[in-house]
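A.B. asks: This is the structure I have questions about; it appears just below.
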Amino acid sequence: MSGIDFSDPATIAFLTDALTAAGVSGLEISRPGGQLRIVIATGNEARIDVSATSQPAPTAQPVVIVRAPMAGHFYPGSPLRSAAADRLPRTVPAADILGFLRVGPVLLPLCAGRAGILTKQLAEPDALVGFGDPLFEIEPQS
C-alpha cells in the first residue's frame, strides 16, 4: 500500500472538500517528511499549510506547548500527587504526567514530553478540548 501524496494539489483539494462537507474545522497530519495542516475558515475558503521538516533548528530552546493529542475532557493534575505538588510553576521531568484526557470511560495520560518548568495551564479543568488545543506551557530550564 502506497502513502498519500500530500504534495498533489488534487489530493489537498479532495481533503479540503471532504472536511468542509463533513463539517470538520480542520486536519493536521505529521510524518517524518513534513506536515500538512488544513484549517477550514468561515465561509467557503480554506487555509492550507504544507511544511517540510528540513528547517534549521533554532539555537535557543523555545517554550513548549503541550497540546491535546485528541478530543476529550481535560483533567489537569495527577491522582498520585497532592494538590500542593500540582502548584505552578514547578519543575517537571520529560516523563511526568501532567493530567489526563477523558474519552468516554478511558483516561489518556498527558506526558510533559520535555523536561523544564511547567509555568501555565492553558485549559480549564473538565473543558472539552479538541485535537491540538493547547493545554500546558513548559519553559526550558536555565
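A.B. asks: So is Leu122 surrounded by 11 or more Cβ atoms within 10 Å (Cβ to Cβ) and in contact (Cβ under 8 Å) with a residue 60 or more places away in the chain or not?
C.D. replies: Considered against the rule, which asks whether it is surrounded by 11 or more Cβ atoms within 10 Å (Cβ to Cβ) and in contact (Cβ under 8 Å) with a residue 60 or more places away in the chain, Leu122 comes out as no.
A.B. asks: Considering only residues that are of a type outside the set (A, V, I, L, M, F, W, C) and buried (at least 17 other Cβ atoms within 10 Å of the Cβ), look in the stretch 84-113 and name the one that is nearest to Ser25 (Cα to Cα). Walk me through it before giving the result.
C.D. replies: Within the stretch 84-113, the first condition is being of a type outside the set (A, V, I, L, M, F, W, C), and the residues that meet it are 86-87, 89-91, 93, 96, 99, 102, 104-105, 109, 113.
Filter once more, keeping what is buried (at least 17 other Cβ atoms within 10 Å of the Cβ): 96, 99.
Numbers: Asp96: 31, Gly99: 26 Å.
Top of the filtered list is Gly99.
A.B. asks: If I filter the stretch 95-115 for residues that are farther than 17 Å from Tyr75 by Cβ, part of a strand (DSSP E or B), at pLDDT 90 or above and more than 14 Å from the chain's Cα centre (by Cα), do I get at least one hit?
C.D. replies: No, the stretch 95-115 contains no residue that is farther than 17 Å from Tyr75 by Cβ, part of a strand (DSSP E or B), at pLDDT 90 or above and more than 14 Å from the chain's Cα centre (by Cα).
A.B. asks: Of all residues in the stretch 125-142 being touching a residue at least 60 places away in the same chain (Cβ under 8 Å), out of contact with any Pro (no Cβ under 9 Å at 6 or more places or on another chain) and in a loop (DSSP other than H, G, I, E, B), which is farthest from Pro89 (Cα to Cα)?
C.D. replies: Only one residue tops the list, namely Gly130.
A.B. asks: Would you list the strands (runs of 3 or more DSSP E) that sit entirely within the stretch 10-65 and hold 2 or more residues that are at pLDDT below 70 and touching a Ser or Thr at 6+ places or on another chain (Cβ under 8 Å)?
C.D. replies: Where strands (runs of 3 or more DSSP E) fall fully within the stretch 10-65 and carry at least 2 residues being at pLDDT below 70 and touching a Ser or Thr at 6+ places or on another chain (Cβ under 8 Å), they are 34-40, 46-52.
The values are calculated or read from the model by the stated rules, or taken from the named source; none is laboratory data. Being a predicted model, the structure only gives us computed values, none of them experimental. Virtual Cβ from ideal backbone geometry, glycine too; neighbours counted across all protein chains shown.
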